[in-house]
Amino acid sequence: MTVTTYLIYLLIAVPLTIWVARTLSRNGKVFLIDVFHGNEAFADAVNRLLLVGFYLLNLGFVTLFLRSDRAVLDASGVFEQLSVKLGIVMLVLGVVHLTNVWIFNKIRTRSRLDNLNHPPVPPNEVTPARPLTVGEQAGYWGPGHA
């Protein structure tokens, strides 16, 4: 029953990882294009690199987590082992996904703040400063001014 548990685990965990990776890659493309200011080629390249990293990390985890310390003796043991193993795999997939979204949201927020520090267009002309009056030159600003 232990080998059966391993096979069922792999038959569920590997396609689940592939499905999550493809879904994140397909739907995350728009987000990455926004993060990288419309540079679609760069966003595609980063998306592919993230996809490869996602596969390596999660399939490596699935493989390492295959081993079990206790033997599976019956059908209920199969379900117990699978529920724990698949639950942990799904939690890891979720954490990796949320970490990626958090990091890219930080990048996106920082780039938007940087854009706010620069005017959207350069000024057309500069308004000259008005000349100081005689009272302003002497340091007198009139009634009510300190």
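Does Val78 satisfy being open to solvent by 90 Å² or more (accessible area, probe 1.4 Å) and over 14 Å from His97 (Cα atoms)? No: the conditions fail for Val78. Taking first residues from region 75-104 that are farther than 20 Å from Val14 by Cα and partners that are open to solvent by less than 60 Å² (accessible area, probe 1.4 Å), the Cβ contacts under 6 Å between residues at least 6 apart in sequence or on separate chains come to Phe104/Val35.
Scanning region 109-146 for residues that are at pLDDT 70 or above and open to solvent by less than 60 Å² (accessible area, probe 1.4 Å) gives a single hit, Ser111.
Of all the residues in region 3-54, those that are surrounded by 15 or more Cβ atoms within 10 Å (Cβ to Cβ) and either touching a strand residue (DSSP E or B) at 6+ places or on another chain (Cβ under 7 Å) or farther than 26 Å from Ile107 by Cβ (or both) number 8. Answer yes or no: is there a residue in region 63-73 that is of a type in the set (Ser, Thr, Tyr) and open to solvent by 60 Å² or more (accessible area, probe 1.4 Å). Scanning region 63-73 turns up at least one residue that is of a type in the set (Ser, Thr, Tyr) and open to solvent by 60 Å² or more (accessible area, probe 1.4 Å).
Scanning region 30-48 for residues that are closer than 27 Å to Ile12 by Cβ and out of contact with any Lys or Arg (no Cβ under 8 Å at 6 or more places or on another chain) returns a single hit, Arg48.
Consider only pairs whose beta carbons are under 9 Å apart and that are at least six residues apart or on different chains; among these, list those whose first residue lies in region 17-38 and is modelled with pLDDT of 85 or more and whose second residue is open to solvent by 50 Å² or more (accessible area, probe 1.4 Å) and among the hydroxyl-bearing types (Ser, Thr, Tyr). If the second residue must be open to solvent by 50 Å² or more (accessible area, probe 1.4 Å) and among the hydroxyl-bearing types (Ser, Thr, Tyr), the pairs left are Thr17/Tyr55; Ile18/Tyr55; Ala21/Tyr55.
The values are calculated or read from the model by the stated rules, or taken from the named source; none is laboratory data. What you are looking at is a predicted structure, and each value in this text was computed from that prediction instead of being measured. Positions of Cβ are backbone-derived with ideal geometry, glycine not excepted, and every protein chain shown enters the neighbour counts. SASA here: full protein model, heavy atoms, side chains in, ligands and nucleic acids out. Shrake-Rupley method; radii C 1.70, N 1.55, O 1.52, S 1.80 Å.
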